[in-house]
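This report concerns only the one structure given below.
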Amino acid sequence: MARLTINLAAIYTPADYNTRPLDTIFGNFIDAIPVIKYCTENNKRLIHFSTCEVYGKTIGSFLPEEYRQDPKYFMLKEDVTPCIFGPVEKQRWSYACAKQMTDRLIYGTQ
């Protein structure tokens, strides 16, 4: 009988990841490593819930106001849209970066 592992652990509220960046990084990346490793080593399926936060901002976020009305600047095209995160000193990006690293780790084990 196949066993299934579902990973629902996350710190995902701005109130938390703005004030607890290390807990956010540990809870969303570091703590997920043993689960991913276990599933990989034991040939177990893992269901991992990602977030749109891993895609960062679209280029439209940085354009002058007159261009912000055009939806093409806010469209996300996975293979061509640049992945733009905010500066390191802005703690709100700790969540997006930790989740993206988890997604990349899972993808890398396939």
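General observations
- Subset of region 45-75 that is open to solvent by less than 60 Å² (accessible area, probe 1.4 Å) and farther than 20 Å from residue 91 by Cα - its residue that is modelled with the highest pLDDT: 46
- Region 58-110: number of residues that are in a loop (DSSP other than H, G, I, E, B) and without any contact (Cβ under 8 Å) to a residue 60 or more places away in the chain: 23
- Residue pairs whose Cβ atoms lie under 7 Å apart, sitting 6 or more positions apart in sequence or on different chains, and linking a residue in region 13-26 that is within 17 Å of residue 102 (Cβ to Cβ) to a partner that is open to solvent by less than 80 Å² (accessible area, probe 1.4 Å) and among the basic types (Lys, Arg), are 17/92.
- Residue within region 43-50 that is β-branched (Val, Ile, Thr) and outside any helix (DSSP H, G or I) present: yes
- Among the residues of region 24-52, the one identified as charged (D, E, K, R) and under 15 Å from the mean Cα position of the chain (by Cα) is 31.
- The set of residues in region 77-97 being surrounded by 12 or more Cβ atoms within 10 Å (Cβ to Cβ) and either of a type in the set (A, V, I, L, M, F, W, C) or touching a strand residue (DSSP E or B) at 6+ places or on another chain (Cβ under 9 Å) (or both) consists of 83, 84, 85, 86, 93, 96, 97.
The values are calculated or read from the model by the stated rules, or taken from the named source; none is laboratory data. Computed from a predicted model, the values in this text were never measured in an experiment. With ideal geometry, Cβ positions are generated from the backbone for all residues, glycine too; neighbour counts draw on all protein chains shown. All accessible areas refer to the heavy atoms of the entire protein, side chains included, with ligands and DNA or RNA removed. Shrake-Rupley method; radii C 1.70, N 1.55, O 1.52, S 1.80 Å.
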